[in-house]
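Notes follow the structure.
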Amino acid sequence: MKKIINPWKDVPGYNCFGCAPTNPFGVHMEFWEDGDEIVSFWQPRPEYQGWIDTMHGGIQAVLLDEICAWVVLRKLQTSGVTSKMETRYMKSVMTTDKQITLRATVQEIKRNLVIVEARLYNEAGELCTKAVCTYFTFSPEKAAESMKFLGCEVEE
């Protein structure tokens, strides 16, 4: 497994709620490449609960949407925007878990639409939430112009 380098880490004004390391209110996600999958390990905290010790479904959706975006960045070497997201909540995720794991892969590519499946597992490794995201991807020129995206690499 290799850690993915955040291509925006030094870009002025970069403040993504999902992945900016310096956003004081963000979730500070980091990503690894593991074969065909992109993986993220994340530690829940009490401030992300919906009910007592239970992670808010909206935060789960943020995490799943964000990892899907990173699949597009790393695997397709472009950027884009979410055009549709279907989320299935199957088991509560506890904010008391020490770590949750998210995994995502490309399921299908149709011209400039990419379908990505993401899964969220609790500390015990149980599948809790799934999402299927449809992304509208940009051409390399549009990705560079609109999102300052020039590529997404991994650490050695």
Checklist outcome for this item: Residue hits (the range 128-147; surrounded by 14 or more Cβ atoms within 10 Å (Cβ to Cβ) and either in a loop (DSSP other than H, G, I, E, B) or of a type in the set (Ser, Thr, Tyr) (or both)) are Thr129, Thr134, Tyr135, Thr137, Phe138
Next on the checklist: Go through the range 54-93 and report how many residues are in contact (Cβ under 8 Å) with a residue 40 or more places away in the chain, part of a loop (DSSP other than H, G, I, E, B) and surrounded by 14 or more Cβ atoms within 10 Å (Cβ to Cβ).
Outcome noted: 4
Checklist outcome for this item: Selection over the range 116-150 where residues are at pLDDT 95 or above and on the phi > 0 side of the Ramachandran plot yields a count of 1
Next on the checklist: So, in the range 4-53, how many residues would count as being assigned to a loop (DSSP other than H, G, I, E, B), touching a strand residue (DSSP E or B) at 6+ places or on another chain (Cβ under 6 Å) and buried (at least 19 other Cβ atoms within 10 Å of the Cβ)?
Outcome noted: 3
Checklist entry - From the residues in the range 116-147 that are of a type in the set (Ser, Thr, Tyr) and over 16 Å from the mean Cα position of the chain (by Cα), which one is nearest to Asp36 (Cα to Cα)? => result Ser139
Next on the checklist: Can you tell me which condition Ser83 does not meet? The list is (1) more than 17 Å from the chain's Cα centre (by Cα); (2) under 24 Å from Ala144 (Cα atoms), and all the others hold.
Outcome noted: (1)
Checklist entry - Which of the residues spanning the range 97-106 are of a type outside the set (Lys, Arg) and surrounded by fewer than 14 Cβ atoms within 10 Å (Cβ to Cβ)? => result Gln99
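The values are calculated or read from the model by the stated rules, or taken from the named source; none is laboratory data. Small disclaimer: the values here were computed from a predicted structure and weren't measured. Because the Cβ atoms are built from the backbone with ideal geometry, glycine has one as well, and the counts that use them run over all protein chains shown.
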